[in-house]
1. Please go through region 78-118 and pick out each residue that is of a type in the set (S, T, N, Q) and within 18 Å of GLU20 (Cβ to Cβ).
2. How many residues are closer than 18 Å to LEU73 by Cα, assigned to a strand (DSSP E or B) and open to solvent by 70 Å² or more (accessible area, probe 1.4 Å) if we restrict to region 1-37?
3. For the list (1) in a helix (DSSP H, G or I); (2) farther than 16 Å from PRO82 by Cβ, I need the number of the one condition that PHE62 fails.
4. I need a count of the residues in region 73-84 that are open to solvent by 40 Å² or more (accessible area, probe 1.4 Å), among the hydrophobic types (A, V, I, L, M, F, W, C) and either modelled with pLDDT of 95 or more or within 14 Å of the chain's Cα centre (by Cα) (or both).
5. Tell me which of these GLU91 doesn't satisfy, since it passes every other one: (1) part of a helix (DSSP H, G or I); (2) within 26 Å of GLY10 (Cβ to Cβ).
6. Take region 38-59 and flag every residue that is in a helix (DSSP H, G or I), under 21 Å from SER93 (Cα atoms) and either open to solvent by 90 Å² or more (accessible area, probe 1.4 Å) or acidic (Asp, Glu) (or both).
7. Regarding ALA80, is this residue under 20 Å from ASP7 (Cα atoms) and either free of Cβ contacts under 8 Å to residues at least 40 places away in the same chain or basic (Lys, Arg) (or both)?
Amino acid sequence: MVDLDIDRNGNALVVRLQGEIDLCAAEALRPRLDKEIERQKAKHLVFNLRGVDFIDSSGIGFILGRYKRVKALGGKVALAGPTRSVHRIIELSGMYKLMEGYANEVEALRALEGGKTG
């Protein structure tokens, strides 16, 4: 079970996730977030992962899919505040080669505004 909270902050959409991001959660989150990205017309995306206890390959795929979508529109994606175990999975998946990781949401937003993410 996962909770999703979305806020607009300047040109970025901040996606706060709580719980476990597995196949079932990813399938539920995908249409909700895609709809919000379209509706809000946000350029960038920040995934606040502080409240995520577990992420599997489906969760990684969910984030990568949103990355491809935002990147195609000229935007950037940042990952903020993952727990140690989630950070390790993200690291092993190679996602940090595509998007930057930050200690918290504030740092991620500051970097996106300054254009410092990859």
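1. THR83, SER85, SER93 - these are the residues of region 78-118 that are of a type in the set (S, T, N, Q) and within 18 Å of GLU20 (Cβ to Cβ).
2. Total meeting the criteria: 1.
3. Result: PHE62 fails condition (2) only.
4. The number of residues fulfilling the criteria is 0.
5. The one condition GLU91 does not meet is (2).
6. Passing the criteria: only SER57.
7. yes
Listed here are the residues, each with its yes/no results for (1) surrounded by 13 or more Cβ atoms within 10 Å (Cβ to Cβ); (2) under 14 Å from the mean Cα position of the chain (by Cα).
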residue: GLY65; (1), (2): yes, yes
residue: LYS71; (1), (2): yes, yes
residue: VAL86; (1), (2): yes, yes
residue: ILE90; (1), (2): yes, yes
residue: SER93; (1), (2): yes, no
residue: LEU98; (1), (2): yes, yes
residue: ALA111; (1), (2): yes, no
residue: GLY114; (1), (2): no, no
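The values are calculated or read from the model by the stated rules, or taken from the named source; none is laboratory data. Here the structure is a predicted model, which means the values were calculated and not measured. Glycine gets a Cβ as well: all are built from the backbone with ideal geometry, and neighbour counts include every protein chain shown. Side chains included, ligands, DNA and RNA excluded: accessible areas come from the protein's heavy atoms. Shrake-Rupley method; radii C 1.70, N 1.55, O 1.52, S 1.80 Å.
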